[in-house]
Every structure is written in C-alpha cells, then in structure tokens.
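Structure record follows, encoded as structure tokens.
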Amino acid sequence: MPVMNTDQDLLKKLKEGDEPAFRELYARHNRQVLAFAYHMTHSAIDAEDILQETFLRLWTGREQLPDIMHVGNYLFTIAKNKTLDHLRKVSLQQKLIDQVWANLSETTNDLELQLEARESKNLIQQAVAQLSPQKQTIFQLSRQQGLNHDEIAAQLRLSKSRVKNLLVETLKYIRTYLSQHAVLTAFLFQVACKYLIP
C-alpha cells in the first residue's frame, strides 16, 4: 500500500520542480481557495481567476518558498492578497465609471462638447438597454438616482460586493460597446484617462 505524502513532503518535491507534487497540492487545496475567493467576490469567473493566480504564484515562486507549516494557511494568505488586489481594481473601475458619467452629465457652454456628451450618453444608454434587467436597475439606481452601494444593496436585497461586481461587469460591457463605435471612443477614453492618471 503506497505511503500518502504529507503536504510538507509535497512541498519539498515542489521546490525541486516536481509537477505531480504541484498537482497533488492543487487537488488537496483548490476547493478551499475557490470557496474563499467566491465568498469575497460573488463571481465564479473572478474566483476562478484568483484560484489560478494563487497556484501560479505557488509554482513560480517554488524555489524561494519559506518553511511552511500549514500549506492551507499559506495559500489562503496568497489568495487573500490576490482578492484584495482584485477588489481594489473593482473599486477603481467603479470610480472611473462614476467620473465618466458625471463628466457626461455636466453642462457646458461649449456646443460641440455638449453634442459629444449627449451622443456619448445616448451610446451608454443604448449599451445599458441590452443588459439584464437586474444590471439595468442597479446602473440606473447608481447613475440616475445617485444611490451608493449600500443603499442599492439594501433596496435590492443583495450584498454590497455583489452590487459592486455587477456594476464592474456593466462597465466592461459598456467599454466593449463603445469600442464598436469608434467615433466617440477616443473622447470617452480621454475623459477616463484624466481620472485614471490625475
């Protein structure tokens, strides 16, 4: 009967570049990492990305691994940091769409800019109209009624992180939609970059 390798045994082999040892560690610990990432992001796609990034970090950094007593705790730390990075990106993207929308809503004496803003706003509304009813509702509550994430979450009985995630997905879709309308893409990205790089 074969002897079951401990996590420490597998780590020693991993440091030597043993791929089967890496696959065994993945098999033992991937579900806990995935469950944590999903709990934090409420997105199966994002959780899967965080899972892959976590184990990629383990593999690429195998030669410099410290002495690890509990592999699960070590992986959890990596996953936690990857998740925090993800949530910071979500927050940045949300701020970006807030600023773009606010810019397009501002009045200006420049007739040409007014026309560009109006046309851009119409394109965004066309893009939003193709989203699911839930995403449309969240977007409208945020953009048109000015509700914050907590207020939207309470009104729709969703978690705050779920609201954030849906708004980010909406932003990604709007960007894709706008990229298919090249006339105004440069204008929108000029506005966006102004807030991304102060």
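The values are calculated or read from the model by the stated rules, or taken from the named source; none is laboratory data. These numbers come from a predicted model, not from an experiment. A quick note on method: Cβ atoms are made from the backbone with ideal geometry, for glycine too, and the neighbour counts reach across all protein chains shown. Ligands, DNA and RNA are excluded from the accessible area calculation, which covers all protein heavy atoms including side chains. Shrake-Rupley method; radii C 1.70, N 1.55, O 1.52, S 1.80 Å.
Assorted remarks:
- Full extension of the chain segment joining Asp85 with Glu63 gains 5.5 nm, where the gain is 0.36 nm per residue of separation less the Cα-Cα distance.
- Distance-filtered residues of segment 30-46 - backbone nitrogen under 16 Å, label point 7 angstrom along Ser132 Cα→Cβ: 41-46
- With protein chains left intact and a 1.4 Å probe, residues in segment 7-92 average 61 Å² of accessible area per residue.
- Long-range Cα-Cα pairs in segment 7-92 (distance over 21 Å), rounded percent: 27 percent
- Charged neighbours of Leu25, selected by a Cβ distance under 14 Å, balance to +2 (K, R count +1; D, E count -1).
- Net charge contributed by nearby residues that have their C-beta within less than 14 Å of Asp150 (K/R +1, D/E -1): +3
- Net +/- balance of residues flanking Asn73 in space, Cβ distance below 14 Å, scoring K and R +1, D and E -1: 0
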